[in-house]
Structure formats: structure tokens, C-alpha cells
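Quick note: the coordinates plus some simple rules give every number you see, no bench work behind them. Keep in mind it's a predicted model, so treat the numbers as computed, not measured. Heads up, the Cβs are rebuilt from the backbone with ideal geometry, glycines too, and the neighbour counts pull from every protein chain shown.
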Amino acid sequence: MKKNYIILLLVVCMIAGCKQSQPEEKWISLFNGKDLTGWTVKIKGYPAGENFGNTFYVEDSILKVKYDAYDEFSDRFGHLFTNKSYSHYKLRVEYRFTGNQVKGGPGWAYRNSGAMLHSQAPETMAVEQDFPVSVEAQMLGGNGVDNRPTGNVCTPGTEVWIDGSLYKDHCCNSSSQTYHGNRWVTLEMLVLGDSIVHHIIDRDTVMTYTRITVGGGNVNPKPDIAEGPLKSGRIALQSESHPIEFRKVELLDLTPAK
């Protein structure tokens, strides 16, 4: 009996020691909760840095996308870019769709937004360019009826491999459930250079792709960027005609030690 107690005590101590030895994750907030410091806006039809109609703004410590100044959407797709580039990291975003889609927004953009990964810098985009070259972790909200998974992948100006094959269509649906209503959803993206990306919803990996490269279409006009592996870039949040809110935008730096 005494021997068994000692063994049990040793096991407990070993488990406790393992827990103590694990380094604490040092997440940083990319959004300061006050303003757009550290970010740059680029909206189609306007130069980088011009936040037409205050499309992206901060209210009550929440980053919001609104269209109060839009009579018509007129394909004015917008993006809010980090001023820094990243390569190996985990990105955590908490978002929810609100309100109604602005008049003239395309049907596919209903409750649609995204986090653009490895994106080109906003200053390198043409004034009339609609989307930056990047790979998109797409966010979709339910319409109350249909199946609309979130955490999908789309490829503006890029190509990826899924399940060992080159994926040739623009967007690929994830295995996530549909989130109807205005509930908050947590999307995490584990990004390791150009080698592999995982999209994670509520701790469940719903999408994985590899071999991110510059190439393919779905960007107009097409920028002059050399084709090849896409290992790093900016992070950008979209405005695609439906109001959306972000209450958390956090990053865990996973840059390999030199």
C-alpha cells in the first residue's frame, strides 16, 4: 500500500513538473482597442491610407466595419492591413456579423469577410485593385437557412495544395458548422511560412492547406508580383459590403529561433 502511494506521488509530481516546464504563450494584441494605430486602410478606388467614409473605425473597444457613407457599394472592396509583415505565427480573431448588407453588395458577399494572410502591402496595390495578392481565411455567417461553413480558404492571386493536390478553384469550403445570427465566433489560423496553414474553429481544425505560392487569378488588375513561394506578408481584415465587428485580433509569434 505504501509502495503504491509513493508511485502515485511520483506520477503526480512528474505531471506537475511537465506543466510547470511548458513556456507561457506570449500573445500580443494587434488592435489597441482605441484607434487604427499600426494599421493602414486600402479601399478600391482610393489611395492607400484613405479610409473612405470611415469604413473602418473603433467604437467601445471594438473594431467595426460600417457603410453609413455608401449610397451604393459599387465594388469598393476594402482591407485594413497591419503595418508589419509576419511569416510564422498563430492569429486569433473573434468576429461577428451585424446589421444589413449595404445596397449594391454582391450576393456572394452577404455575411462574408476574411483575414488575408501573407498579403501584399497596401502601398503596392493599384488604386483600382480589388483584392491584395494573399491567401484568405474566409469568414462566413449563416443566413438562417442554408449551410454556410466558415474558416474556408480563398486564393486571390495565389495557389495552394489541399489533400496533396493543387487546388484550382478560388474557394474551398471547410468542415466547420454554420454559425447563424450575430454570435461571436473565434477563428484561429496557424501559419508556418509557405509550408502549411491550419484554420481552427472552436479548437477544431476545419481546413488545412500547404505550398502557398503566388500565381493564379481572381485579382483585378493583376499586380506585377513574381510567381513563387509565398512565405510572409501583411495581415489584413476585409470590408466586403456586410457590417462586421472584431473584438479580438491577437498574434502569437512562432518565428523559429536563429
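Between LYS34 and ASN143, the C-beta separation translates, for a Förster distance of 51 Å, into a calculated FRET efficiency of about 0.95. GNM on the chain, alpha-carbon springs under 10 angstrom: the most fluctuating residue among LEU190, LEU80, LEU166 is LEU166.
Modelled this way, with points 7 Å down the Cα-to-C-beta line, the labels at LEU252 and THR124 are 2.9 nm from one another.
With the contact rule set at Cα under 8 Å and sequence spacing of 6 or more, what percent relative contact order holds for the chain? Mind dumping the intermediate values first?
Working: 636 pairs, mean separation 72.0, N = 258.
Computed over the chain, the figure is 28 percent.
When the stretch 216-258 is described by a simple charge dipole with +1 on each Lys and Arg Cβ and -1 on each Asp and Glu Cβ, the residue from SER241, GLY228, GLY217 located farthest towards its positive end is GLY228. Counting 0.36 nm for each residue step from ASN220 to GLN177 and taking away their Cα separation leaves a gain of 12.3 nm. Computed over the chain with a Gaussian network model linking Cα atoms closer than 10 Å, the most mobile of HIS198, HIS79, HIS170 is HIS170.
For LYS231, a cut-off of 12 angstrom between C-alpha atoms picks up these aspartates and glutamates, skipping any fewer than 8 places away in its own chain: ASP194.
Placing a pseudo-label 7 Å from each Cα along the Cα-to-Cβ vector at ASP71 and ALA48 gives an inter-label distance of 3.1 nm. Each Lys and Arg Cβ is given +1 and each Asp and Glu Cβ -1; about its Cα centre, the chain then shows a dipole of about 1060 debye.
If the cut-off is 17 Å between C-alpha atoms, which aspartates and glutamates fall inside it for LYS26, apart from same-chain ones fewer than 8 positions away? Result set, ordered by chain and number: GLU188, GLU250, ASP253. Taking 0.36 nm per residue of separation and subtracting the Cα-Cα distance, full extension of the segment from SER165 to GLU25 would add 47.0 nm. Measuring r between the beta carbons of ILE62 and LEU192 and using R0 = 41 Å, the FRET efficiency lands at 0.85. For helix 2-21, report the angle its Cα long axis makes with the longest principal axis of the Cα atoms of the chain; keep it between 0 and 90° and round to the nearest 10°. Its long axis makes an angle of about 30 degrees. If you run the Gaussian network model on the chain, springs between alpha carbon atoms under 10 Å, then out of ILE200, ILE244, ILE225 the most flexible one is ILE225.
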